[in-house]
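For reference, the structure is listed below as structure tokens.
The values are calculated or read from the model by the stated rules, or taken from the named source; none is laboratory data. These numbers were taken from a predicted model, which means no experiment stands behind them. All Cβ positions, glycine included, derive from the backbone under ideal geometry; neighbour counts span all protein chains shown. The accessibility values were calculated without ligands, DNA or RNA, using every heavy atom of the protein model including side chains. Shrake-Rupley method; radii C 1.70, N 1.55, O 1.52, S 1.80 Å.
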Amino acid sequence: MGGFVKSAEDASTRGCSTTPPTPVCLPNSPPDVMGYHDAREIPNYWTYAKDFVLQDHMFEPVDSWSLPAHLYLVSGWSAHCTSTNPDSCTNDPEQAAAAAQGLSLSELPPAFRSCMAAHGVTKLTSTSITDPKVIAAGEACLGYLIRAQLQLLLGNGGDEAAQLGLYSWTDLTYLLHKASVPWAYYVQSGIQPDCDDNPDQTAAGCAPVAQGAKTPSIWNPLPSFTDVKEDGQLGNIKNLSAFYPAAEQGTLPAVSWIAPSQPNSDHPPANLAAGQAYVTNLINTIMRGPDWDSTAIFLAWDDWGGFYDHVLPPMVDQNGYGLRVPALVISPYAKRGYIDHQTLSFDAYNKFVEDDFLGGARLDPATDADRHLAFGQGLRFCLGANLGKLEAQIAMAGLARRYPDLALVPDQELTFHANISFRGPQVLLVRTS
């Protein structure tokens, strides 16, 4: 986990946009990568940690930025889809393929194209946009772009934000709707807290992008999920103003998400005091309402914020985990002053919802064969039947070599896991000498 300080010192803009530069991003400003915030700045968060549960091993679900993290929050995956068919979706932890659609070097100035060519890059595609060589070339050549051209390359959040992406795999709301469990995704209107299409820019360095309940954005991805549209659930994505009377009157749905706008997001350059006051007001509203006795609040931050951390994230698959993030459980049922050391990610939130409101239901292969995801018992679900079959073949081949006379017990009754990410029997009896 070394290299944080060196990276901050070596980067001419410290990961921020070059235009316009903000004071903290200037080379002559002291780097804050080793900075931290304690009870003197965030007393309310500190009090919640002492009065309820602090999760000190909560990790980003994906080693990426805000949009993929929010996709994981509601669906457990970040992918690129070419049609409304779930089979068209492929793994895309950076959401880079969607960002590169329609991207052309010919739209950028000759000096920039010459610089890119000098670095060996003559074409940009959805697959090459994440190549380290392309990234390095782009970083070396950004100085040839004016602000408008930089936004063209990186995505200005206008039409891109309106289209955002086509998310044809299954999100958690599919199961909630199927089981008639009410849900809502509350969005605070204003400016979205991060930059479209570019994980390496901060909100201080990109053009403001409007955010609202009806506008797909990187902190509000559900309107772009095909199942939300097909199920007629777009109306469940609401303005935050609808949250307060529901909380006060005891009419909150069973499952709710809340996404802030930039000023209240704790995302640079937002004021932490403003974000803390916003969160405190939300929690106070719930605590004072009639639903508090049956409520669990999961307070989390979608990424690590650029600060140093000494804990190496576990590698559970090709997508992550990412770095640690703060997380609190605030509930009448939470153990007072408890520090939870379990290694967790946003998968745990989704599984909690399935277990608590859906009786442990996962996607049923008998009725949901065209859907893709379920949150299994392990650190991650398995993606795709072909991968599952390959894993099973390898395991069975190993068993057969070790036990040549291995055989299935005849006439056994099989019960199957109720999901399609692991389509197999719950118990399989075998015999050997």
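Considering only segment 78-93, how many residues are small (Gly, Ala, Ser) and surrounded by 22 or more Cβ atoms within 10 Å (Cβ to Cβ)? Selection size over segment 78-93: 2. Somewhere in segment 264-283, is a residue open to solvent by less than 30 Å² (accessible area, probe 1.4 Å), touching a residue at least 12 places away in the same chain (Cβ under 8 Å), farther than 24 Å from Arg40 by Cα and outside any loop (DSSP other than H, G, I, E, B)? Checking segment 264-283: not a single residue is open to solvent by less than 30 Å² (accessible area, probe 1.4 Å), touching a residue at least 12 places away in the same chain (Cβ under 8 Å), farther than 24 Å from Arg40 by Cα and outside any loop (DSSP other than H, G, I, E, B). Give the residues of segment 34-63 that are surrounded by 21 or more Cβ atoms within 10 Å (Cβ to Cβ), under 24 Å from Val5 (Cα atoms) and not charged (D, E, K, R), sorted by residue number. Of everything in segment 34-63, those that are surrounded by 21 or more Cβ atoms within 10 Å (Cβ to Cβ), under 24 Å from Val5 (Cα atoms) and not charged (D, E, K, R) turn out to be Met58, Phe59, Val62. Screening Ile258 on (1) assigned to a strand (DSSP E or B); (2) of a type outside the set (Ser, Thr, Tyr); (3) open to solvent by less than 60 Å² (accessible area, probe 1.4 Å) shows it passes everything except condition (3). Do we have any residue at all in segment 340-358 that's assigned to a loop (DSSP other than H, G, I, E, B), among the hydrophobic types (A, V, I, L, M, F, W, C) and at pLDDT 85 or above? Among the residues of segment 340-358, at least one is assigned to a loop (DSSP other than H, G, I, E, B), among the hydrophobic types (A, V, I, L, M, F, W, C) and at pLDDT 85 or above, which makes the answer yes.
Within segment 204-224, track down each residue that is assigned to a helix (DSSP H, G or I), modelled with pLDDT under 85 and open to solvent by less than 20 Å² (accessible area, probe 1.4 Å). So that I can check it myself, show each step before the final result.
Step one: of segment 204-224, the residues assigned to a helix (DSSP H, G or I) are 204-205, 222-224.
So of that shortlist, the ones also modelled with pLDDT under 85 come out as 204-205.
Result: Gly205, single match.
The test for being touching a Phe, Trp or Tyr at 6+ places or on another chain (Cβ under 6 Å), of a type in the set (Gly, Ala, Ser), in a loop (DSSP other than H, G, I, E, B) and modelled with pLDDT of 90 or more holds for Ala334.
When the strands (runs of 3 or more DSSP E) confined to segment 34-97 are screened for residues that are in contact with a helix residue (DSSP H, G or I) (Cβ under 6 Å, 6 or more places away or on another chain) and on the phi < 0 side of the Ramachandran plot, those reaching at least 2 such residues are found at 79-81. Screening Gln188 with (1) over 27 Å from Leu358 (Cα atoms); (2) at pLDDT below 90; (3) touching a strand residue (DSSP E or B) at 6+ places or on another chain (Cβ under 8 Å) gives one miss only, at (2).
Taken as a whole, the structure leaves Asn198 outside the set of residues that are within 13 Å of Ser66 (Cβ to Cβ), touching a helix residue (DSSP H, G or I) at 6+ places or on another chain (Cβ under 9 Å) and at pLDDT 90 or above. Here's a check for you: in segment 284-303, which residue that is within 23 Å of Asp194 (Cα to Cα), not in a loop (DSSP other than H, G, I, E, B) and not small (Gly, Ala, Ser) is least open to solvent (accessible area, probe 1.4 Å)? Across segment 284-303, the extreme among qualifying residues is Leu299. Of all the residues in segment 307-316, those that are closer than 12 Å to Gly35 by Cα and open to solvent by 30 Å² or more (accessible area, probe 1.4 Å) number 2. Reported count of residues in segment 105-158, each being of a type outside the set (A, V, I, L, M, F, W, C) and either modelled with pLDDT of 70 or more or farther than 29 Å from Ile191 by Cα (or both), is 18. Assessment of segment 361-370 against the conditions (over 25 Å from Ala300 (Cβ atoms), modelled with pLDDT of 70 or more and open to solvent by 30 Å² or more (accessible area, probe 1.4 Å)) yields no matching residue. Among the residues of segment 236-252, those identified as under 23 Å from Leu358 (Cβ atoms) and surrounded by fewer than 15 Cβ atoms within 10 Å (Cβ to Cβ) are Gly250, Thr251.
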